């Protein structure tokens, strides 16, 4: 034990030595601020507990310009009571005796003092399995998914993925004794130690060196006869990353310090056991030891993982632009405040506002999925009122095209599709779900109400078409075996919990238990499918067991009635017959009572699902582990819906706000748009929070958020880039031009040419944005990436530009036919003899703007070139439909 | 955690499976044979490419659904009937190598192909396994990683008038398209040729319904130039850059005879067309040869319908002869034309099929063993690599992983499999994280 205590002091030193070692080569004092106003020492106080416990320090110099620099590696440290607390040259404080010491930190003539206290300094013990051994196996990659952490293990040695199941790990490590994996008689000869130091061949190579802290933990643990997980030990309650979020410059280096806070109040420096990752390795690199190095201008999160805890800090590296501060000032509404603050912090110049002609087309396409008609463009341009943009927004959000378009958007999210094998609705049912959804959009149903109606849908599919959601996602499966759990989390919470079905989520707090607790909300969902003649499909909220008992009761009642009827007919003089009949009645009564009793028992069970790993019953419980409020007989989906749509549930409001933002700006505040998690923070947290709060405060009114977005200066910026802002795609310095969605582009072509499309099973003139489901055949829609709605993932809709798309635009038969159609726009326009007017109309109906002088003269030249007038015009029309200006919203 | 498919019905697997079934993956082999380990060992040994490219083009024949190895190239004629199945084996032109009696033409071609009998990854899910074998990386069924063809297109670029990556008739697919370009983006998706066996086969949109006069073509292009100027004011937008690039390429392809000619199967004489078989598979192989001739770097011939959960022998009675004719014709034709020496041909499904014939007289999915054929570009014909046990259940020698196959392909084309590509977010990702070339193919 003494030996362990002696060794442990070496641990925390290593990362700092490494950091200093590398720093010495690359860095000069030139990167430091020339004038320092003061020093910040973190943490501001330390309490060490246990024999030779240690903790590092971070020293930050504050420059005269406010710039913060990590100067830990150049600072001097001294302890006023070195026999109580020793401090190394790189700032590691170590407990030697109980007591308290003042530590002085100095750099460049400035100094700062902190107090370090030590308790239990004589208390020694073997390494903890849960708090030392598992973290070592995780930190050095042993239990990673590519190695022993995969389901099958690796070469007969298996660990739980990143240590999510310590009790199993201990069992696998110690009882699976086929090898010399653990040898308490000779700890250093255990394979568990020899393999990672590559003393014996190890396919994973050398993970750490002989004699390193990780090595010592394992050897000492084995020497102590490999004690198992101690149930009294508290789990890490919180991970803290110092110095927190920082603004850095390319060339800076910043050491991070990871502190685990335990439930009992203990705090431990776990930097060397923490895994660090950059969310954007091209912008910021981070070493395994926690040294952050900015590589280019931008902003990203750095994640730290320790024992299932994830914490992020944001590293910001401003661009080296010269931007007039006045460019960040003008704002329209609450959207702009955080956007322009972020642009200012990053030193990215915003593009100028877009002109009216751009705005009218942009807003029509984004809000209604529909091109403006020439007269609508002209009307808007001619409107002299100062608030005409806001008026246009109101008008668009009130129109029928808005309803069509947003029904399409929500139908993607709710996966309305005809499921090939377990969809009993047929096309009619899919359409009726669509019609229901359309009615909700038309009524501007608040998102929380709409969500609740879908989540708690029950009854029969004719009266409640939203049951279609469950028909598609549950079908005839047991709910927990179906896609419903993942889909609800994805659609309504923008959260991907699928990983936790098989193991703890690698990037989130969700455990396997959490997944099955959540799945249990759907454990009562049963689809009852009758023969068509007997009735329609119903969703009942009873367990299969209860349903079975109810059938038994009906059958028992029937038998009892029969027995009683038979008894009534018996001749009372015949004693034997009478006795027999009475006995039979009694038997049937008893059976009925038993069955009823059984039903009560079944109904008294809480809705639960068995977790396959632990075989424990998981009672329905939300993802934040709050206790749900429901009685055994209730449909647990009602409290689920209440929890999901609660104003306190930031994921619910935040997920929808993020989807809306992505819809209008093509890049979500969180990307991927449905991957909300602590380790994937939004690009602008203040904006995300502000919009979410607005959304909640305005009763989950989707149009309210859309109005805020469309009236913001941010939305009304030009898509043209200016020097210094072309490279960024996250902070909204300009409107990001992007290809129109499949349905919108297809409709735009029909509208511009004046020739409607015909979809199989739908009347001529039905627009692509009105189609209820993706099963409607269309080469164009498939080519341009409509969503198949196989999952709720937004990634199913593709905005990619591909070669066959361009071939189709250039030589597709449909377009050729539309240009030549006798009842189309072109032939009608050509009856007009004034060429300038014809040209203007063609431009307005395609690009939503009149031609420029240069374009007009290029066309005049073509017209004078000798071709037939109608052919030259057809070619102009073709050219306009092939421009990016047409195919993109910009 | 793995579903053993022996007692399952067809419905369970091909219609009724949950899209989340893919989560039940991972266990590699009942024998504790562990692939990843071998791979990282080879990685440690430093399997860096040491030679220049062997191949100009790669031609992948994909047997989607999973061809039964028991009934094709890994017959277990000594096993009990419910394992060995209905077919007898026949001798091939390579001593000791026997193949299914329904593959007589392949039997006479085995001297030109190397046979790997140890395809293995342990995944029994169509979409997951297909994306895995086509990309060399494990991921979700929706395709997290770019398929080989997309990477090749990315690395070689659009060199001639024909796209670098073509699928005939289309990409593998069960419900959704597989083998896609993932984060490499739409620019590198395969170009779909369509079914060359169709009457009056034409690649969609490659030529106009009504041919235009050259002066009209010119007028259109010059008008387009005059009105299409969004890219003048917007910088740094990848969609716009891609649109511009493909707009030019599309015009070139439509106007030039080269692209049309590459796809014009009518230019082949009757004898050749009949040699390959007048069916979708045969004509796809023939078109693939034409495409390789015109410089396409990666051609996929996709043949679906190998997912025989029920009545497998009725199914194979029809499919194997078509495969035999088309694939043997392809190898021999490439060889006769001198194209085989720098074309790497490989033929595989996403997995093999269950050793035991099930109650519906079918075989189910089996990710633990399957057979792969390689030919051309220096591959030593007649070679057999790897083996399965006497029931064809597990690989007993030289397991070959999806990453190994892709590594072999990349290296043959002179692409460094460890090269880092940048995702749209600027994250560097190695083409392959593991795997090593199956060097036995060349020795």
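The values are calculated or read from the model by the stated rules, or taken from the named source; none is laboratory data. This one's a predicted model, so the numbers in the text were calculated from it and none came from an experiment. Here the Cβ positions follow ideal geometry from the backbone for every residue, glycine too, while neighbour counts run over all protein chains shown.
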* Asked: In the stretch B:277-289, is there at least one residue being more than 11 Å from chain A (Cβ to nearest Cβ), in a helix (DSSP H, G or I), buried (at least 21 other Cβ atoms within 10 Å of the Cβ) and out of contact with any strand residue (DSSP E or B) (no Cβ under 9 Å at 6 or more places or on another chain)?
  -> yes
* All positions within the stretch B:211-247 that are more than 7 Å from chain A (Cβ to nearest Cβ), under 39 Å from the mean Cα position of the chain (by Cα) and outside any helix (DSSP H, G or I) -> B:211, B:212
* Structure fact -> If we take the stretch A:159-256, then helices (runs of 4 or more DSSP H) inside it with 1 or more residues that are at pLDDT below 90 and loosely packed, with under 15 Cβ neighbours inside 10 Å are A:166-174
* Does any residue of the stretch A:622-631 turn out to be at pLDDT below 85 and either part of a helix (DSSP H, G or I) or closer than 21 Å to residue A:470 by Cβ (or both)? -> yes
* **Filter result for residue A:306 (surrounded by 21 or more Cβ atoms within 10 Å (Cβ to Cβ) and either modelled with pLDDT under 95 or within 14 Å of chain B (Cβ to nearest Cβ) (or both))** => yes
* Out of all the residues in the stretch A:142-152, is one or more within 14 Å of chain B (Cβ to nearest Cβ), surrounded by 19 or more Cβ atoms within 10 Å (Cβ to Cβ) and farther than 30 Å from residue A:301 by Cβ? -> yes
* To do: Consider residue A:273 carefully, then state whether it is farther than 25 Å from residue A:208 by Cα and either touching a strand residue (DSSP E or B) at 6+ places or on another chain (Cβ under 7 Å) or surrounded by 21 or more Cβ atoms within 10 Å (Cβ to Cβ) (or both).
  => no
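Quick one: in the stretch B:103-128, of everything that is at pLDDT below 95 and in a helix (DSSP H, G or I), which residue is surrounded by the fewest Cβ atoms within 10 Å (Cβ to Cβ)? Spell out the reasoning first.
We begin by selecting, within the stretch B:103-128, every residue at pLDDT below 95; these are B:120-128.
From what is left, the residues that are in a helix (DSSP H, G or I) are B:126-128.
Values: B:126: 27, B:127: 23, B:128: 25.
Top of the filtered list is B:127.
Name the residue that is nearest to the chain's Cα centre (by Cα), counting only residues in the stretch A:786-797 that are crowded, with 20+ Cβ neighbours inside 10 Å and within 26 Å of residue B:250 (Cα to Cα). Please lay out each step first, then the result.
Let us first name the residues in the stretch A:786-797 that are crowded, with 20+ Cβ neighbours inside 10 Å, namely A:786-787, A:789, A:791-794.
Right, trim to within 26 Å of residue B:250 (Cα to Cα) and you get A:786-787.
On the way: A:786: 21, A:787: 19 Å.
Top of the filtered list is A:787.
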* Structure fact -> Conditions (1) out of contact with any strand residue (DSSP E or B) (no Cβ under 6 Å at 6 or more places or on another chain); (2) under 25 Å from residue A:790 (Cα atoms) -> residue B:197 fails only (2)
* To do: Confirm whether residue B:185 is at pLDDT below 95, more than 19 Å from the chain's Cα centre (by Cα) and facing chain A (nearest Cβ under 9 Å).
  => yes
* Structure fact -> Subset of the stretch A:744-797, residues within 12 Å of another protein chain (Cβ to nearest Cβ) and on the phi > 0 side of the Ramachandran plot, comes to A:785, A:789
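Enumerate the helices (runs of 4 or more DSSP H) found wholly within the stretch A:409-495, keeping only those where 2 or more residues are in contact with a helix residue (DSSP H, G or I) (Cβ under 9 Å, 6 or more places away or on another chain), free of Cβ contacts under 8 Å to residues at least 24 places away in the same chain and under 21 Å from residue A:796 (Cβ atoms). Spell out the reasoning first.
Details: elements: A:426-442, A:447-455, A:468-473, A:484-493.
Counting at least 2 such residues, we get no helices (runs of 4 or more DSSP H) at all.
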* To do: Those residues that are more than 7 Å from chain B (Cβ to nearest Cβ) and in contact (Cβ under 8 Å) with a residue 60 or more places away in the chain, I need them from the stretch A:848-886; list them, please.
  => A:848, A:849, A:877, A:881, A:886
* To do: Give B:161, B:192, B:170 a once-over and let me know the one that is in contact with a helix residue (DSSP H, G or I) (Cβ under 6 Å, 6 or more places away or on another chain) and either facing another protein chain (nearest Cβ under 7 Å) or in contact (Cβ under 8 Å) with a residue 12 or more places away in the chain (or both).
  => B:161
* Subset tally (residues that are more than 9 Å from chain A (Cβ to nearest Cβ) and closer than 20 Å to residue B:244 by Cα) for the stretch B:146-158 -> 6
* Within the bounds of the stretch A:800-807, is there any residue that is at pLDDT below 95 and surrounded by fewer than 16 Cβ atoms within 10 Å (Cβ to Cβ)? -> no
* For residues in the stretch A:798-843 being in contact with a strand residue (DSSP E or B) (Cβ under 9 Å, 6 or more places away or on another chain) and in a loop (DSSP other than H, G, I, E, B), which is farthest from the other protein chains (Cβ to nearest Cβ)? -> A:799
